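Novice: Please read through the structure below; I'll follow up with questions.
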Amino acid sequence: QRKYPVNIARIKEETLEIQRILGVEDFAVDLWFCSEAKIREMNCDWRGKSKSTDVLSFPACDFTQPGVIDESDPTLQFEKHLGDIVIAPAYVARQLTRDEEYAGNYEGEEEEEEEEDDAGVSKAMATNFDLEQRYRLLIVHSLVHLLGYDHETPDEWIQMTTKEEEVLRSLRLVE
């Protein structure tokens, strides 16, 4: 994809900073930026969902529980590779605009303390409308996925977003 500029040096630096916070700075992570068509194809192939998405994460390690890498994982004897992250900037930019419009429609109204219907990510995602910062939030989300966290059930969602919030506080992206 070439339509949305990506500051690769900044992304590398920020990814390493997030890895340090998570204690996995000695692991390799491959980060890819692709077209919306490509991420739709990958989402269909790997998750059986024939629709676009903002980011996909492909863990390379086994875990005994979220955040605890299985040291007996045979792949670790060859390389310390945490996994791959794929981001579709066109989708991210469109989602960012939708989030901003949605927030504008409800500005000044109190938020209800309801759990997210889609079991998605930390609420910080829907309150940040800068493309470069959104990439950073997606990388936090994806690295937490690469560490074995998920958000398929309400309990997993709580555990994962709690971990994301810890990282975001360390990065001073949330209070």
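Novice: P(r) tail for the chain, what percent of Cα pairs lie past 21 Å?
Specialist: Value for the chain (Cα pairs over 21 Å): 50 percent.
Novice: Leaving out ligands, DNA and RNA, and with a 1.4 Å probe, what % of the accessible surface on the chain is carbon or sulfur?
Specialist: The C+S portion of the solvent-accessible surface of the chain is 46 percent.
Novice: May I pose another question? To the nearest 0.05, how large is the calculated FRET efficiency for residue 131 and residue 153 if R₀ is 35 Å and r is the Cβ-Cβ distance?
Specialist: Result of the calculation: an efficiency of 0.70.
Novice: Average projected area of the Cα convex hull of the stretch 58-107, in nm²?
Specialist: Over all viewing directions, the stretch 58-107 projects a mean Cα-hull area of 5.5 nm².
Novice: Say each of residue 8 and residue 97 gets a label point 7 Å from the Cα, pointing the same way as Cα to Cβ; how far apart are those two points in nm?
Specialist: Taking the simple label geometry, residue 8 and residue 97 are separated by 2.7 nm.
The values are calculated or read from the model by the stated rules, or taken from the named source; none is laboratory data. Because the structure is predicted, anything quoted here is derived from the model rather than measured. Heads up, the Cβs are rebuilt from the backbone with ideal geometry, glycines too, and the neighbour counts pull from every protein chain shown. Quick note on the areas: whole protein, heavy atoms, side chains included, nothing else; ligands and nucleic acids left out. Shrake-Rupley method; radii C 1.70, N 1.55, O 1.52, S 1.80 Å.
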